[in-house]
Amino acid sequence: KAGVTQTPRYLIKTRGQQVTLSCSPISGHRSVSWYQQTPGQGLQFLFEYFSETQRNKGNFPGRFSGRQFSNSRSEMNVSTLELGDSALYLCASSWDSATNEKLFFGSGTQLSVL
Amino acid sequence: SQKIEQNSEALNIQEGKTATLTCNYTNYSPAYLQWYRQDPGRGPVFLLLIRENEKEKRKERLKVTFDTTLKQSLFHITASQPADSATYLCALDPSSNTGKLIFGQGTTLQVKP
């Protein structure tokens, strides 16, 4: 069974640009969560989708958005990039994260904003 | 304020010894707590989940305890090996059944041969 796949693996953007990151969950998983990881703040929850609906959202500005498709694949978008958005963006999937399920993480997308 | 803290950023031990990592939390009442392992450049990998009504859980050389009175979880690796070197993260769901995990900063374990 294939794991969680995130693309691209690395991304370099400049301030003011926008970026879209993609996540394909494990087959059969309906919940997809996104996390931002930085050396200073650690892992921080961005949002979680279940059956195409955003079920939970972290404390990030509206520049961060996401969506989930009918096949459970998910994308997250960051608009008007800032230097502080440089981070490892991790996607995690589970059958249903709200029922105490463990999360399966992808390897992440390393975003650098110059 | 709500916090989840892991005892130290780094822990160095000799091969064969037991590594003990600590996770403390304040102002949460989690129904469960999870532990993950993260290697450089990779996403976290789930290790163990312990529920509030469980005192201890084991998996091979790993053991986790959960003390809801002390608001603390201990993570032990017995007979440690250099391959155990990684960052270990504890995580909890602050409101139970929301799917939103709060992670500690992690403890980087270095096991020396």
What list do you get for B:Asp67, A:Asp96 if you sort them by fewest beta carbons within 10 Å?
B:Asp67, A:Asp96
Using only alpha carbon pairs under 8 Å that are at least six residues apart, calculate the relative contact order of chain B and give it in whole percent.
35
Can you pull a Stokes-Einstein diffusion coefficient for segment B:32-113 at 37 °C (0.692 mPa s), Rh from Kirkwood over Cα pairs, as a whole number of µm²/s?
245
Could you calculate the contour length gain from A:Leu11 to A:Trp95, that is, 0.36 nm times the residue separation minus the distance between their Cα atoms, to one decimal place in nm?
27.4 nm
A:Arg63-B:Arg42 pseudo-label distance in nm [points 7 Å out on the Cα-to-Cβ vector]
3.2
Given charges at beta-carbon only (K, R positive; D, E negative), |dipole| of chain A in Debye
140
Could you tell me which of B:Leu48, B:Leu21, B:Thr108 has its Cα farthest along the dipole of chain B towards the positive end, charges placed at Cβ (Lys, Arg +1; Asp, Glu -1), taken about the Cα centre?
B:Leu48
From the square roots a ≥ b ≥ c of the eigenvalues of the alpha-carbon gyration tensor of the protein assembly as shown, which class results: rounded (a/c under 1.5), prolate (a/b over b/c), or oblate?
prolate
Quick check: from the Cα gyration tensor, does segment B:11-50 come out rounded (a/c under 1.5), prolate or oblate?
oblate
Using alpha-carbon positions, the gyration tensor of chain A gives root eigenvalues a ≥ b ≥ c; with a/c under 1.5 called rounded, otherwise prolate if a/b exceeds b/c, else oblate, the class is prolate
Test of understanding: extend the Cα→C-beta vector of A:Ala2 to 7 Å, then name every residue of segment A:57-73 with backbone N under 14 Å from that spot.
A:71-73
Calculate the length of the line joining the C-alpha centroid of segment B:2-34 to that of segment A:52-103, in whole Å.
26
Going from the fewest other Cβ atoms within 10 Å to the most, one would list B:Lys100, B:Lys57 as B:Lys57, B:Lys100
Once R0 is set to 30 Å, what does the formula 1/(1 + (r/R0)^6) return for the Cβ-Cβ distance between B:Glu56 and B:Asn7, expressed as a FRET efficiency to the nearest 0.05?
0.95
Cα-based reach from B:Lys3 at 26 Å (exclusive), listing lysines while leaving out same-chain residues under 8 positions away:
A:Lys57, A:Lys102, B:Lys55, B:Lys57, B:Lys63, B:Lys71, B:Lys100
Taking B:Val64, B:Val45 and counting other C-beta atoms within 10 Å, the order from fewest to most
B:Val45, B:Val64
Stretch gain in nm, segment A:Thr38-A:Asn71, where the contour uses 0.36 nm per residue and the Cα spacing is subtracted
8.9 nm
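Bear in mind that the values in this text are calculations on the coordinates, not laboratory data. No experiment lies behind these values; they were computed from the predicted model shown. Note that each Cβ is placed from the backbone with ideal geometry, even for glycine, and that neighbours are counted across all protein chains shown.
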